[in-house]
Amino acid sequence: MIAAIIAAAGSGERFKAKIPKALIHLGDKTLLEHAIARIAPAVQQIIVTAPAGYEEQIKSIVGDDIVVVTGGATRSESVRLGLAAVDSAAKFILVHDAARSLASTDLAQSIIASLQSGEVAVIPGLAEVDTVNVIGSDGYVLSTPNRATLRTIQTPQGFQAAILREAHKQSGEATDDATLVSQLGHKVKVITGEESALKITTPADLAIVMTFLGTASQFRTGVGVDAHAFSEDKNRQLWLAGINWSDEIGVDGHSDGDVAAHAICDALFAATSTGDLGSNFGTSRPEYAGASGSSLLAETLKIITSAGFSISNVTVQIIGNRPRIGARRPEAIEALSRALGGAPVSISATTTDGMGLTGEGKGIAAIATALVFK
Ligand code: CTP
Ligand code: MG
């Protein structure tokens with residue numbers, strides 16, 4: 001039998017999202033689900049390494065047939081932890097990055113075919129397009145390897161099970177598994193990789209893989225506005241932009257009155273032509289009475305996702321004399337982004353110089369825009 005370990009325990013620091021990179025959405029699925037869907041037809045067992053704290057969430061996404069283990073502090077450590085869960089009957093093991101979400105089933109099958117023909121380690125590589133220099137710590141070039149001999153290495157990487165286990169025995173550290181296997185003196189065969197197997201590292205890479213998905217993105221925008229009056233009830237809590245402002249007086253409303261969250265929901269509904277706040281969560285839907293802004297955002301995300309849309313970004317401007325947003329902006333952005341599955345969010349705030357709308361100090365308003373793609 002053949003097993004695959006999918007390394008998905010990284011935090012995605014360079015991606016700069018508020019959630020682990022493997023849980024970022026690409027179209028209708030997370031990066032992890034894309035990776036699993038493509039490798040699954042080639043293997044009989046799949047093990048996913050999850051970031052600590054996300055095991056249950058990942059289990060619920062990937063289903064019962066897949067083993068989820070907690071990953072480690074480095075990729076090599078995560079792979080070792082995954083390796084411990086591989087069935088002892090596995091003859092070959094593929095190690096794959098969740099971040100190479102679009103590596104094809106064909107690529108996995110070519111790796112396996114090469115193992116079946118007797119290779120002990122097989123990895124995909126692409127010809128290098130740039131000149132690559134070795135540089136010293138002083139920043140000066142030491143040498144320039146001949147570009148024709150260089151390959152950019154990808155995953156899935158395939159190994160005879162015993163050799164991969166041997167390579168990981170010493171708790172070695174490397175950026176991929178073939179390096180550890182090669183250090184033991186084993187021959188590592190390079191086959192032709194795939195451009196679409198690129199490692200999604202930054203948000204710009206997402207746009208590139210969208211084009212590989214073959215769904216030329218259809219972008220659409222929407223705008224949403226909401227306003228609520230300050231409550232007469234001095235005990236009413238203020239919820240704004242997904243967080244609680246304990247020193248402020250709350251606003252009246254059917255839900256928690258979070259105008260920033262509501263404006264974003266409406267902008268998303270508008271962009272995707274899925275109605276508005278009233279038609280989706282209005283007073284005719286008593287189950288949403290008192291609902292938090294964050295839960296309405298999460299519900300909205302579900303609605304627009306089932307309509308086939310993903311969020312490119314949302315912005316919201318809060319209009320009011322108080323509260324002062326500045327100091328808590330990062331916290332508010334994080335709360336809103338989390339509710340929207342990690343989508344990029346920005347928040348600005350303004351007063352209206354004592355005029356109109358909220359200038360009289362009677363309440364708070366917000367205007368949001370959303371950019372989505374199908
Ligand atoms: N990975 C892992 N365990 C770690 C670190 C990384 O399982 N401790 C996984 C990542 O989830 C990813 C793959 O290894 O699928 C390749 O790593 P990389 O693309 O560098 O992802 P991150 O480490 O999450 O990103 P960054 O380096 O930007 O933080
Ligand atoms: Mg990393």
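The values are calculated or read from the model by the stated rules, or taken from the named source; none is laboratory data. Owing to the predicted nature of the structure, the values given are computational and were not obtained by experimental measurement. Using ideal geometry, Cβ is built from the backbone for each residue, glycine included, and neighbour counts are taken over all protein chains shown.
Quick notes on this structure:
- Residue check for Ile66: surrounded by fewer than 20 Cβ atoms within 10 Å (Cβ to Cβ), over 28 Å from Ile191 (Cβ atoms) and away from ligand 1 (no atom under 13 Å from the Cβ): no
- The set of residues in the stretch 82-103 that are among the polar types (S, T, N, Q) and either surrounded by 17 or more Cβ atoms within 10 Å (Cβ to Cβ) or within 16 Å of ligand 1 (Cβ to nearest atom) (or both) contains only Ser101.
- Number of positions in the stretch 219-245 that are surrounded by fewer than 18 Cβ atoms within 10 Å (Cβ to Cβ) and either in contact with a Ser or Thr (Cβ under 9 Å, 6 or more places away or on another chain) or over 22 Å from Ser337 (Cα atoms) (or both): 12
- Within the stretch 21-38, the set of residues being more than 16 Å from ligand 2 (Cβ to nearest atom) and of a type in the set (D, E, K, R) comprises Asp28, Lys29, Glu33, Arg38.
- Scan of the stretch 15-56 for residues that are farther than 28 Å from Asp106 by Cα and either modelled with pLDDT under 95 or of a type in the set (Gly, Ala, Ser) (or both), ordered by number: Lys16, Ala17, Lys18, Ile19, Ala52, Gly53
- Looking only at residues of the stretch 268-313 that are aromatic (Phe, Trp, Tyr) and closer than 21 Å to Leu371 by Cα, we find that the one that is nearest to the chain's Cα centre (by Cα) is Phe309.
So that you can scan it fast, the table gives a plain yes or no per residue for (1) within 14 Å of ligand 2 (Cβ to nearest atom); (2) among the hydroxyl-bearing types (Ser, Thr, Tyr); (3) farther than 26 Å from Glu331 by Cβ; (4) touching a Phe, Trp or Tyr at 6+ places or on another chain (Cβ under 9 Å):
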{"site": "Lys16", "(1), (2), (3), (4)": "yes, no, no, no"}
{"site": "Ile19", "(1), (2), (3), (4)": "no, no, no, yes"}
{"site": "Ala40", "(1), (2), (3), (4)": "no, no, yes, no"}
{"site": "Ile47", "(1), (2), (3), (4)": "no, no, yes, no"}
{"site": "Glu56", "(1), (2), (3), (4)": "no, no, no, no"}
{"site": "Lys59", "(1), (2), (3), (4)": "no, no, yes, no"}
{"site": "Val67", "(1), (2), (3), (4)": "no, no, yes, no"}
{"site": "Gly82", "(1), (2), (3), (4)": "no, no, yes, no"}
